Each structure stands twice: as C-alpha cells, then as structure tokens.
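For reference, the structure discussed in these notes is given below.
The values are calculated or read from the model by the stated rules, or taken from the named source; none is laboratory data. Given the structure is predicted, the values throughout are model-derived calculations rather than measurements. For neighbour counting, all protein chains shown are included, and Cβ atoms are generated from backbone atoms with ideal geometry for every residue, glycine included. For accessibility, only protein heavy atoms count, side chains too; no ligands or nucleic acids. Shrake-Rupley method; radii C 1.70, N 1.55, O 1.52, S 1.80 Å.
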Amino acid sequence: MTIRFPANSGTDMRRLFVLLLALLTLLVACDKDRTNAPDLVAFLQDNDGYGVTNTESGVHYTALPLSFESAASGEAVGEFYDKRVDYRVTYHKIPGASPDDYLVDSEMGVWYADATVAAPVPAALTPTALLVCEEGAVSVEVLRLVPATHAAAIDEALTLWFEGVATVKPEAAATLLRGVKLVSAELPGIYYCFSFGTWGEDAYFFDPVSGRVVAVPPSLAAYFTNTQS
C-alpha cells in the first residue's frame, strides 16, 4: 500500500500519521495473537468446564480428577481461547500415550476421550512402580519402589490407601511431606497421586482434594521417610 501526502502537509503531520499507522499494525498483530495459533486445532469447551471437544476430529475429552498427573507434557495439539475474558488453555500430547485417548493441558489437567476410553479406576491399576517424591516447585524422586524388590510394601501401601479405615490427620503443620505417585501398566505417561506426611511419630496417607486420610503404621512409613530401602 502506498500512502501519498498532500504537497502542503507538514513534517509533523507526516510523522503523526506514520506513528498512527504503526500503532494500528501493532494492534492488529496483537489481536491475531489472541486467536488460535494457525497450527493448533481449536478446542471447544463444555459449559461446565469439565469437557472439551477437538473441533477437527470431533473427539470429546472429559477431565480426570486432580489426583491424576501427567509425567511430562509433549507437543501442543489444540487450544481453547475465550476472547471475552482473554483466557487460553493449550492441550498437549502425553509422551507414551495416544492423543486420541489422553491429553494434558497447560494447567496440568489430564483429559481422557470418554467415547473410546473408560475412566481409570485407581484401585484397579496394575502397579509397575511407586514413586516417593519431594514436592516443591519441582517434584524430585527420592525413592522408587518396584514390584521386583518391594512387592509387599507396594501391596500394603495401596491396599491401605484404597481400603483402609478413614481417619483424621492433625491440623498442625506436617513434620515431613512427600508425594506418592503410582506408575501403572494401564496408564503410560500418567501417574495416580496421593500424599504422605508425618506429624511427629504419626504418619498418614492423604488426598488434599478429596479429604481422604488413612493412618500409616511405622513399618510402612519407613519407606516413605526414606529410612527403609
């Protein structure tokens, strides 16, 4: 596009016009940036926020409970953007899992394709490892329990967590906190998670979301405090 100025237009007016044109170009570029990136498929979010649909494939995904966590986040495949409130969520592949079955979003939520995949039942998962981690800005694995050498401890821990009698943990700050991540044959790249903590001599498994709490005996707690290998 060629801009022609009248012969009698002043230098200041020309500079002002150039600045206005530059500002307009910047605003258009910003507006384009707020829409879906051209290489990402648009995702449509359900009204309740617990489901999304890939508008290209038609696959509908439902959110898993917050106790499920992706081990890593891979290539971005789609995006939901609400222009009204400038809210954006990107959906990524989970390494080791098919994107037709599972995705993880940019807020670390895990989603499953409800038409083809059954919602996982944590108690029915086949453990291949139980990770004991320090939870902070970054999750750091401090101990890995595997069936080959820790079958009894894994079975005791999971039976206690899923079937043990619920109790109440102390309201005071914990002496020690650890994350527990179940690695399973059925969910490659996805962990089922709960927590472990000690309050003085007492230890508990707990889920801060559901509120479930079970007491952990000292012999089993030793694995999670890293005093038993």
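Model label sites at residue 87 and residue 149, defined 7 Å from Cα along the beta-carbon direction, differ in position by 4.7 nm. The mean accessible area for residues of segment 67-170, using a 1.4 Å probe and ignoring ligands and nucleic acids, is 52 Å² per residue. Here the dipole of segment 69-148 is about 60 debye; that uses its Cα centre as origin and unit charges on the Cβ of Lys and Arg (positive) and Asp and Glu (negative).
The distance separating the Cα centre of segment 110-137 from that of segment 85-105 comes to 15 Å.
Each residue of segment 171-184 is assigned a 3J(HN,Hα), and the resulting list reads 7, 5, 5, 6, 6, 8, 10, 9, x, 10, 10, 8, 9, 10 Hz, derived from the Karplus form 6.51 cos²θ - 1.76 cosθ + 1.60 (θ = phi - 60°), x at Gly and Pro. With the simple spin-label model, which puts each label point 7 Å out from Cα in the Cβ direction, the residue 50 to residue 167 separation comes to 3.2 nm. Carbon-plus-sulfur accessible fraction, segment 124-229 (probe radius 1.4 Å, protein heavy atoms only): 56%. For segment 121-131, 3J(HN,Hα) computed residue by residue from phi via the Karplus equation (6.51, -1.76, 1.60; θ = phi - 60°) reads 9, x, 5, 9, 6, 9, x, 10, 5, 10, 8 Hz, glycine and proline entered as x. Each residue of segment 111-117 is assigned a 3J(HN,Hα), and the resulting list reads 10, 10, 6, 5, 7, 10, 10 Hz, derived from the Karplus form 6.51 cos²θ - 1.76 cosθ + 1.60 (θ = phi - 60°), x at Gly and Pro.
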